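Here the structure comes first, spelled out in structure tokens, and everything after it is commentary.
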Amino acid sequence: MEKNKGIPATIGLVAFFNPIRNRVETFVDNRLNTSDLDFLGKTSTFTENFSGESVIEGFEEYICENLMQRLPIKKVTLVSFDSQMNSFKFNEIRGSDIEENSSVEDIHGILAQNLVRKNYITNENPTDIASFSLILPIIFEDDYKWFLALGKKMDKSVYSRNDEKALIKLTDRIRLSLKFILAYDDIINNRYIHIINEKNAIIEKYRNEIKHLKTGNPENDQKNNDR
């Protein structure tokens, strides 16, 4: 409940930090009309449709849903490294029946580098990141590693240099919002961990007192026996 209360204010700040006036060029490749990518300037509206989601889940869903609706591509995904799984996972995916939060295969080590990767020949294995035609890093740091991956274009043409430039601008804008949301998420999680630790300490204190009352004080018992 506490997390849901923080969503509207958080998204308002996300929108404030978002460079909404930096529109992507409208003159790029007509086969991939990236001018439609300006939907990210309306970041503050995604909670209207995904109010039941956490902040991060709603943001992921909003990005992937809009990309599928606005661009002529077959599939799209946001992937990130999960330290507990010790692998990358499909955070959100559209246009594929791959299960969300499942492990990503990366036989070519594409996700090990902070580089834009274009695959002219894609892997047929849908769980492999190489099954996507264009992979772009969003965040590549020690604590967080996130990528945006796009499938083939509907007309089967390859992604042009102008497509790449426009999509790199998009990932720059996603990065700004995403880093703020991740920071917010860390603050919330750390606050809850601190509260939980405090409650556990109190519980442990009372458990010891109850145990002491049940077992009695050995020194007092010995004095009573001497009398």
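The values are calculated or read from the model by the stated rules, or taken from the named source; none is laboratory data. Keep in mind that what you see is a predicted model, and the values were worked out from it rather than measured. Positions of Cβ are backbone-derived with ideal geometry, glycine not excepted, and every protein chain shown enters the neighbour counts.
If you check ALA183, ALA130, which single one turns out to be outside any strand (DSSP E or B) and more than 22 Å from GLY109 (Cα to Cα)? Lay out the reasoning, then the answer.
Details: ALA130 fails: more than 22 Å from GLY109 (Cα to Cα).
Sole residue among the options that is outside any strand (DSSP E or B) and more than 22 Å from GLY109 (Cα to Cα): ALA183.
Among the conditions (1) at pLDDT below 90; (2) surrounded by 16 or more Cβ atoms within 10 Å (Cβ to Cβ); (3) over 18 Å from the mean Cα position of the chain (by Cα), ILE110 misses just one, which is (1).
Within segment 76-104, the residues that satisfy the criterion of being closer than 15 Å to LYS145 by Cα and charged (D, E, K, R) are ASP82, LYS89, GLU92. When each of GLU99, GLU92 is tested for being within 17 Å of LEU178 (Cβ to Cβ), among the acidic types (Asp, Glu) and either outside any strand (DSSP E or B) or touching a Cys at 6+ places or on another chain (Cβ under 9 Å) (or both), the lone residue that passes is GLU92. The residues in segment 64-85 that are without any contact (Cβ under 8 Å) to a residue 24 or more places away in the chain and more than 16 Å from the chain's Cα centre (by Cα) can be counted, and the count is 1. Of ALA112, ALA149, all but one fail to be among the hydrophobic types (A, V, I, L, M, F, W, C) and touching a residue at least 40 places away in the same chain (Cβ under 8 Å); the exception is ALA149. Of the numbered criteria (1) in contact with a Phe, Trp or Tyr (Cβ under 8 Å, 6 or more places away or on another chain); (2) crowded, with 19+ Cβ neighbours inside 10 Å, the one ASP163 fails is (1). Would you check if there is a residue in segment 154-161 being at pLDDT below 90, part of a helix (DSSP H, G or I) and among the small types (Gly, Ala, Ser)? So far as segment 154-161 goes, no, none of its residues is at pLDDT below 90, part of a helix (DSSP H, G or I) and among the small types (Gly, Ala, Ser).
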